[in-house]
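Each remark here refers to the structure printed beneath this line.
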Amino acid sequence: MHQIFIMSVKIKALLKTAPEGQQLTVQGWVRTFRANRFIALNDGSTLGNLQCVVEFEDFDEALLKDVSTGAALKITGRYVKSQGKGQAAEIQVEDLLIHGTADPESYPIQPKKHSFEFLREKAHLRVRTATFSAVMRVRAALSFGVHKFFREEGFHYVNTPIITGSDAEGAGEMFRVSALDAKNPPLDENGNVDVTQDFFGKETHLTVSGQLEAETYAMGLGEVYTFGPTFRAENSNTTRHLAEFWMIEPEMAFFDLNDNMDLAEKFIKSVLSYALDNCQEDLAFLDERYAQEENSKPKLERSEMGLLEKIQFIVDNDFKRVNYTEAIDILRNSKPNKKKKFKYIIEEWGADLQSEHERYLVEKHFKTPVILFDYPAKIKAFYMRMNDDGKTVRAMDILFPGIGEMVGGSQREERLDVLQERIKAMGIEEEELWWYLDLRKFGSAPHSGFGLGFERLVLFATGMGNIRDVIPFPRTPQNASF
Ligand code: 4AD
Ligand code: MG
């Protein structure tokens, strides 16, 4: 610690420093102010608070009145061994400046247990709680772990467009982007909205995936990845769906489906182990929170492993690879299927898997992450490579305990004629994809990629129960506040 007289120090660094009576300045927000004497100060750099002790005789009473939970302070004092228990060191406050007060009558984040539902309505302030600050620090670390992994593997980061004229997944759940006057749009001679007069001269949407554009870059840079926001207007009000989420999409030339699965598994393990190594304090705190939450559930519904154990388990164990046909057999013969406990009963090959089926496979049957591959072509997107059986495609989904689908990916169809056939069979306009088809005309090569929903990974790593609580400002049906 040098030059501490000039700059304020971060509490994270300070808590690792020996208290030797050095004078220094810290800045942060009051978590609690006890007995008119003990300020617990937090600056977001770390989970822990710094105890700052004021001798109230030394300070103006009116000033101390304004020190309350939520207030922003600048404190200068001596960093000394703590007299009390609970902390090794503390600050003896010599100078106190209040940057901003927080009226206790109206400041909503008080030092008591608030429900996550309540805090969602205060999303602009919830990061000032221990739980949300821990979650958001882990989120930031995971994000760095993603870039670190790909950089070290020789991938190039590319940014694909957010406004797009194509529908990658063909699922028709896109948000329209328009600059036309919604009340009085120009009409064509048939009375339809004349999109040629819109900003881009055509219909445009927010992207559901950067994959198709990423493919073009893989066909020149070799190995690339995107990490950006994606948007889906699906009306899924679940704890696993957002209308705006961040997706990581690597795309690799000369990779087949097995290479793709190997990479995805290695990637997930690497990012989770980065978090284990770099977020120990926050994860220990979230592990404790998770244990408390599990304990409040009925015994049968409790997770067999703690949060840290679950993460370590993923890092240490091979994912189970199972093809769709085997999975259907397992599901068809499963207890919940025979006893009609599933909402969607699996009757025949070709059925799309619902999250109840995915969760049965990972949580009850295999008890480990599962990579399901070779799905029926009918239930997958047009770009997936057709197998020789003419029925299945080289798709793979990675299913996670407690989460369901974490990753969706495939080997891509690199044969022009086969791709054109699929596009036709699925009723997609070929002209829209002229540039995508060009990749198959000029230097086409086998290639593969996948998409990982970043919030689902954060959900898993933090043990939180609702995806709305692992992104700063969640966008869900009927909710775009803040
Ligand atoms: O399986 P999906 O739809 O795959 C694609 O979009 C491909 N283009 C990816 C690729 O091959 N490059 O979505 C990928 C992942 C899912 O596995 C899931 O983790 C996440 O994105 N995801 C969502 N996460 C949160 N909210 C939603 N509404 C999500 N929809 C998908
Ligand atoms: Mg999918």
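The values are calculated or read from the model by the stated rules, or taken from the named source; none is laboratory data. Since this is a predicted model, take the numbers as computed values, not measurements. Glycine gets a Cβ as well: all are built from the backbone with ideal geometry, and neighbour counts include every protein chain shown. To get the accessible areas, we keep the full protein, side chains included, count just its heavy atoms, and leave off ligands, DNA and RNA. Shrake-Rupley method; radii C 1.70, N 1.55, O 1.52, S 1.80 Å.
Quick notes on this structure:
- Helices (runs of 4 or more DSSP H) lying entirely in the range 297-360 (those with 3 or more residues that are touching a strand residue (DSSP E or B) at 6+ places or on another chain (Cβ under 8 Å) and closer than 23 Å to residue 408 by Cα): 324-332, 355-359
- Selection status of residue 360, over 30 Å from residue 140 (Cα atoms) and of a type outside the set (D, E, K, R): yes
- Selection within the range 429-464 - away from ligand 1 (no atom under 15 Å from the Cβ), modelled with pLDDT of 95 or more and among the acidic types (Asp, Glu): 438
Table: residues versus (1) of a type in the set (D, E, K, R); (2) out of contact with any strand residue (DSSP E or B) (no Cβ under 7 Å at 6 or more places or on another chain); (3) buried (at least 24 other Cβ atoms within 10 Å of the Cβ).
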site: 432; (1), (2), (3): yes, yes, no
site: 439; (1), (2), (3): no, yes, no
site: 442; (1), (2), (3): no, yes, no
site: 448; (1), (2), (3): no, no, yes
site: 459; (1), (2), (3): no, yes, yes
site: 470; (1), (2), (3): no, yes, yes
site: 478; (1), (2), (3): no, yes, no
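- Within the range 45-66, the set of residues being open to solvent by less than 40 Å² (accessible area, probe 1.4 Å) and either closer than 27 Å to residue 282 by Cα or of a type in the set (Lys, Arg) (or both) comprises 45, 46, 47, 48, 50, 51, 52, 53.
- Evaluation of residue 448 against (1) within 16 Å of ligand 2 (Cβ to nearest atom); (2) part of a helix (DSSP H, G or I) (one fails), failing number: (2)
- Residues (more than 10 Å from ligand 2 (Cβ to nearest atom), open to solvent by 10 Å² or more (accessible area, probe 1.4 Å) and part of a strand (DSSP E or B)) located in the range 393-412: 394, 411
- Under the condition of being over 23 Å from the mean Cα position of the chain (by Cα), away from ligand 2 (no atom under 16 Å from the Cβ) and either in contact (Cβ under 8 Å) with a residue 24 or more places away in the chain or at positive phi (or both), the residues counted in the range 216-269 number 11.
- The strands (runs of 3 or more DSSP E) falling completely within the range 164-278 that include 1 or more residues that are open to solvent by 50 Å² or more (accessible area, probe 1.4 Å) map to 223-231, 244-253.
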